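Trainee: Sharing a structure with you now.
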């Protein structure tokens, strides 16, 4: 019986993961946060290690793993962008069989994954697409378009098996609705100048907000 995708994880990405023989795999969850993906994978995998640099989020993940009696899920504090950090984790269990990175993707993370995975093993990731929040007029520095992400993966000795843009455009009947949808983003957008751009977009008659991600599975060659 198929297991439904956990909240906040797209069915497309979840299928990319569950198509693998998870019961036989040791999985490294990069940028795990409080463990949403790691905890969902725990019952399906041999072992899951979630890594993040947010100690508070990891503590919450450990509490949730204990509450769910998931003895095969653990959380370790480290910076996945920093070269060398998770090579040591990988060395403790030889090599991970699968590395997942959900909305925590950078060129360094892809390069580190390439060095941690043996040939034939998989990197599955969800990255921000350059269309994410396009109404603000500024792409995130962590965003990729299809060509750049494919190129980075190829350069790091991955064969791309699946690369798909998942895009959702919310449409609003009023400025008030549009502002309500972005309320959780206001502080961050004010800090980097995007809030002014979004307000200008709304004043000019725009009534949308775009979420756009790239779901990818690539195999180490």
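The values are calculated or read from the model by the stated rules, or taken from the named source; none is laboratory data. As the structure is a computational prediction, the values presented were derived from the model and not from experiment. Methodologically, a virtual Cβ is constructed for each residue, glycine included, from the backbone with ideal geometry; neighbour enumeration extends over all protein chains shown.
Trainee: Looking at residue 174 and the list (1) over 16 Å from the mean Cα position of the chain (by Cα); (2) modelled with pLDDT under 95; (3) loosely packed, with under 14 Cβ neighbours inside 10 Å, which single condition is not satisfied?
Mentor: With (1) over 16 Å from the mean Cα position of the chain (by Cα); (2) modelled with pLDDT under 95; (3) loosely packed, with under 14 Cβ neighbours inside 10 Å applied to residue 174, the lone miss is (2).
Trainee: Next question. Restricting to segment 56-77, what's the tally of residues that are at pLDDT below 95 and loosely packed, with under 15 Cβ neighbours inside 10 Å?
Mentor: Within segment 56-77, residues that are at pLDDT below 95 and loosely packed, with under 15 Cβ neighbours inside 10 Å number 1.
Trainee: Follow-up. If the Cβ limit is 8 Å and pairs must be 6+ apart or interchain, which residue in segment 52-69 that is at negative phi and touching a residue at least 40 places away in the same chain (Cβ under 8 Å) pairs with which residue that is in a helix (DSSP H, G or I) and exposed (fewer than 14 other Cβ atoms within 10 Å of the Cβ)?
Mentor: none
Trainee: Hey, another quick one. Residues to consider are 3, 30; find the one that is touching a helix residue (DSSP H, G or I) at 6+ places or on another chain (Cβ under 7 Å), more than 25 Å from residue 82 (Cα to Cα) and touching a residue at least 12 places away in the same chain (Cβ under 8 Å).
Mentor: Step by step, each of 3, 30 is checked, and only 3 is touching a helix residue (DSSP H, G or I) at 6+ places or on another chain (Cβ under 7 Å), more than 25 Å from residue 82 (Cα to Cα) and touching a residue at least 12 places away in the same chain (Cβ under 8 Å).
Trainee: Can you name the residue in segment 197-212 that is outside any strand (DSSP E or B) and in contact with a helix residue (DSSP H, G or I) (Cβ under 7 Å, 6 or more places away or on another chain) and, of all such residues, is farthest from residue 170 (Cα to Cα)?
Mentor: 197
Trainee: Let me ask something else about it. Somewhere in segment 8-16, is a residue modelled with pLDDT under 95 and over 19 Å from residue 117 (Cα atoms)?
Mentor: Yes, segment 8-16 has at least one match.
Trainee: What single numbered condition from (1) at pLDDT 95 or above; (2) closer than 14 Å to residue 135 by Cβ fails to hold for residue 219?
Mentor: (2) is the only condition that residue 219 fails.
Conditions tested, residue by residue: (1) buried (at least 20 other Cβ atoms within 10 Å of the Cβ); (2) modelled with pLDDT of 95 or more.
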| position | (1), (2) |
| --- | --- |
| 111 | no, no |
| 119 | no, yes |
| 126 | yes, yes |
| 130 | no, yes |
| 136 | yes, yes |
